[in-house]
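Asker: Structure in structure tokens, see below.
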Amino acid sequence: MHTDKGFSHQFTEALLQWNRTENHRQMPWKGEKDPYKIWLSEIILQQTRVEQGLKYYERFIKTFPTIQDLAAAPDQQVFKLWEGLGYYSRCKNLLEAARFIANDLQGVFPNQYEDILKLKGVGSYTAAAIASFAFNQPYAVLDGNVFRVLARIYDIEEPIDTTNGKKNFSRLAGLQLSREQPGIYNQAIMDFGATICKPFPECAACFFSDRCEAFLQGKQLLLPVKEKKIAVKERWFNYVVLQHKNVIAIKKRASRDIWQNLYEFPLIETSGPASLKEIHLQLEKGFGFSHHDVIFKKEIFETKQRLTHQVINFSFYQAETCEVKDIPGFIWVGWEELNHYPFPKTLQEYIINN
DNA sequence: GACGCGTGGAT
DNA sequence: TATCCAAGCGT
């Protein structure tokens with residue numbers, strides 16, 4: 001690997017040159033100086049593609065033009081706006097940080113890296129992004145793009161998903177940073193990673209291919225290296241959509257599990273495909289409905305959703321109950337009101353179609 | 001420090 | 001279809 005200052009300098013200068021002349025990537029938060037808008041965009045974009053986050057960013061800014069507006073909003077309105085974007089703890093932390101700034105910091109966004117880093121939901125990447133974009137401070141971002149670009153131009157085979165690997169890449173990212181234009185450099189290296197040095201890269205269009213160690217050895221597809229692979233577990237969610245006249249029973253998910261703070265129907269989770277008999281049994285044991293109290297519709301809607309670590313097999317049973325029975329933790333809500341509550345993607349789709 | 005957290009697009 | 005990945009973070 002190159003350890004000389006010259007190589008590092010060459011790439012940084014070439015990147016900034018490319019950024020000035022050929023990088024035409026445009027995004028609403030690019031060049032933005034309002035730390036609130038930068039922060040919001042960065043939280044939305046964590047592990048999320050620009051194309052997916054774009055609509056959410058625009059809706060959030062339109063609904064909450066200032067951090068005070070966001071801080072004053074009820075939880076449910078904000079979660080509803082976040083619905084469908086995934087990683088919902090981001091939304092919870094977003095609200096907590098907004099209220100902290102509005103209430104404890106007089107609405108003034110912190111302007112020092114260490115203080116930005118203390119905000120809930122803000123880690124080293126996001127703090128560096130805000131500090132450099134909003135305040136032009138010399139902190140290098142280290143995201144998936146930067147890992148990939150650095151691993152390739154230097155031909156680094158050390159895994160990026162280990163403690164030591166992260167430490168070393170972080171040090172290198174700091175050395176690579178332009179001290180004169182940290183904000184522009186950070187944006188440029190991410191744009192470069194997202195448009196040229198992609199997982200399947202466009203080396204023919206790259207300004208640095210003649211000096212890229214990975215490309216020179218034909219190794220660009222092998223870098224960066226990851227050590228761990230994700231284990232996917234399979235789960236079976238049987239939802240009993242209990243309806244009495246026009247009202248439906250729902251409750252907020254609260255356990256340490258997926259979709260915390262989103263709503264759902266009465267859930268019977270089983271260790272495999274469940275028989276109707278087992279659903280009836282569990283409905284009585286778990287929710288106190290005997291088979292005399294409910295009438296099941298014949299159709300069972302089945303679908304599957306793939307998450308990063310899980311595959312969820314859904315079965316939706318529609319059932320008419322003879323009364324609005326009090327079930328601990330549940331509320332009964334009219335079909336029309338359901339669209340005020342945030343639901344996981346698959347449940348939201350089910351609601352729309354039924 | 002390893003693991004869990006969503007959804008959607010690319011290969 | 002299966003797998004990986006995407007502007008990471010909290011626990």
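Asker: Restricting attention to region A:85-101, which residues are surrounded by fewer than 19 Cβ atoms within 10 Å (Cβ to Cβ) and away from DNA strand C (no atom under 13 Å from the Cβ)?
Answerer: If the condition is that a residue be surrounded by fewer than 19 Cβ atoms within 10 Å (Cβ to Cβ) and away from DNA strand C (no atom under 13 Å from the Cβ), then A:Arg99 is the only one that fits.
Asker: Output yes when any residue across region A:44-67 is surrounded by 13 or more Cβ atoms within 10 Å (Cβ to Cβ), without any contact (Cβ under 8 Å) to a residue 40 or more places away in the chain, in contact with a Ser or Thr (Cβ under 6 Å, 6 or more places away or on another chain) and in the same structural domain as A:Arg211 (by TED's automatic domain parsing), and no when none is.
Answerer: Scanning region A:44-67, I find at least one residue that is surrounded by 13 or more Cβ atoms within 10 Å (Cβ to Cβ), without any contact (Cβ under 8 Å) to a residue 40 or more places away in the chain, in contact with a Ser or Thr (Cβ under 6 Å, 6 or more places away or on another chain) and in the same structural domain as A:Arg211 (by TED's automatic domain parsing), so the answer is yes.
Asker: Can you work out which of the residues in region A:160-218 that are among the hydroxyl-bearing types (Ser, Thr, Tyr), out of contact with any helix residue (DSSP H, G or I) (no Cβ under 6 Å at 6 or more places or on another chain) and more than 21 Å from A:Ser132 (Cβ to Cβ) is surrounded by the most Cβ atoms within 10 Å (Cβ to Cβ)?
Answerer: First pass over region A:160-218, keeping only residues among the hydroxyl-bearing types (Ser, Thr, Tyr): A:162-163, A:170, A:178, A:185, A:195, A:209.
Those still in the list that are out of contact with any helix residue (DSSP H, G or I) (no Cβ under 6 Å at 6 or more places or on another chain) too: A:162-163, A:170, A:185, A:195.
Cutting the leftovers down to more than 21 Å from A:Ser132 (Cβ to Cβ) gives us A:162-163.
Working: A:Thr162: 14, A:Thr163: 7.
By that ranking, first place goes to A:Thr162.
Asker: Part of a loop (DSSP other than H, G, I, E, B), in contact (Cβ under 8 Å) with a residue 24 or more places away in the chain, of a type in the set (D, E, K, R) and outside the structural domain of A:Tyr87 (by TED's automatic domain parsing), is that true of A:Lys228?
Answerer: yes
Asker: Within 26 Å of A:Tyr87 (Cα to Cα), among the aliphatic types (A, V, I, L, M) and away from DNA strand B (no atom under 16 Å from the Cβ): which single residue out of A:Val294, A:Val324, A:Val333 fits that description? Full working, then the answer.
Answerer: On the way: A:Val294 fails: within 26 Å of A:Tyr87 (Cα to Cα); A:Val324 fails: within 26 Å of A:Tyr87 (Cα to Cα).
It is A:Val333.
Asker: Output the residue which, of all residues in region A:69-79 that are crowded, with 16+ Cβ neighbours inside 10 Å and either in contact (Cβ under 8 Å) with a residue 24 or more places away in the chain or not assigned by TED's automatic domain parsing to the domain that holds A:Gly121 (or both), is nearest to A:Thr48 (Cα to Cα).
Answerer: A:Phe79
Asker: Of everything in region A:9-28 that's without any contact (Cβ under 8 Å) to a residue 60 or more places away in the chain and in a loop (DSSP other than H, G, I, E, B), which residue is farthest from A:Ala98 (Cα to Cα)?
Answerer: Going through region A:9-28, the residues without any contact (Cβ under 8 Å) to a residue 60 or more places away in the chain turn out to be A:9, A:13, A:20-21, A:24, A:26-28.
Then drop every residue that is not in a loop (DSSP other than H, G, I, E, B), which leaves A:24, A:26-28.
On the way: A:His24: 32, A:Gln26: 27, A:Met27: 23, A:Pro28: 21 Å.
If we take residues in region A:9-28 being without any contact (Cβ under 8 Å) to a residue 60 or more places away in the chain and in a loop (DSSP other than H, G, I, E, B), then A:His24 is farthest from A:Ala98 (Cα to Cα).
Asker: Tell me whether region A:224-232 contains one or more residues that are surrounded by 14 or more Cβ atoms within 10 Å (Cβ to Cβ) and not aliphatic (A, V, I, L, M). Please lay out each step first, then the result.
Answerer: Keep residues of region A:224-232 that are surrounded by 14 or more Cβ atoms within 10 Å (Cβ to Cβ), which gives A:224-225.
This time we only want the ones that are not aliphatic (A, V, I, L, M), so: A:224.
Yes, region A:224-232 has at least one match.
Asker: Can you tell which of A:Ile295, A:Ile279, A:Ile248 is exposed (fewer than 15 other Cβ atoms within 10 Å of the Cβ) and either within 16 Å of DNA strand C (Cβ to nearest atom) or on the phi < 0 side of the Ramachandran plot (or both)?
Answerer: On the way: A:Ile279 fails: exposed (fewer than 15 other Cβ atoms within 10 Å of the Cβ); A:Ile248 fails: exposed (fewer than 15 other Cβ atoms within 10 Å of the Cβ).
The conditions single out A:Ile295.
Asker: Also: Does region A:147-159 contain at least one residue that is hydroxyl-bearing (Ser, Thr, Tyr), under 25 Å from the mean Cα position of the chain (by Cα) and surrounded by 15 or more Cβ atoms within 10 Å (Cβ to Cβ)?
Answerer: Kept after step one, since they are hydroxyl-bearing (Ser, Thr, Tyr), are these residues of region A:147-159: A:154.
Among the residues that remain, those that are also under 25 Å from the mean Cα position of the chain (by Cα) are: none.
So far as region A:147-159 goes, no, none of its residues is hydroxyl-bearing (Ser, Thr, Tyr), under 25 Å from the mean Cα position of the chain (by Cα) and surrounded by 15 or more Cβ atoms within 10 Å (Cβ to Cβ).
Asker: Of all the residues that make up region A:195-243, how many are of a type in the set (A, V, I, L, M, F, W, C), touching a Ser or Thr at 6+ places or on another chain (Cβ under 6 Å) and closer than 30 Å to A:Ser271 by Cα?
Answerer: If we filter region A:195-243 for residues that are of a type in the set (A, V, I, L, M, F, W, C), which is where we start, we get A:196-197, A:200, A:203-208, A:212, A:214-216, A:221-223, A:225, A:230-232, A:236-237, A:240-242.
Within this subset, residues satisfying the condition of being touching a Ser or Thr at 6+ places or on another chain (Cβ under 6 Å) are A:203, A:215, A:236, A:242.
After this cut, where a residue has to be closer than 30 Å to A:Ser271 by Cα as well, the list is A:236, A:242.
The number of residues fulfilling the criteria is 2.
The values are calculated or read from the model by the stated rules, or taken from the named source; none is laboratory data. Quantities reported herein were computed from a predicted structural model and do not represent experimental measurements. Note that we place each Cβ from the backbone using ideal geometry, even for glycine, and neighbour counts take in every protein chain shown.
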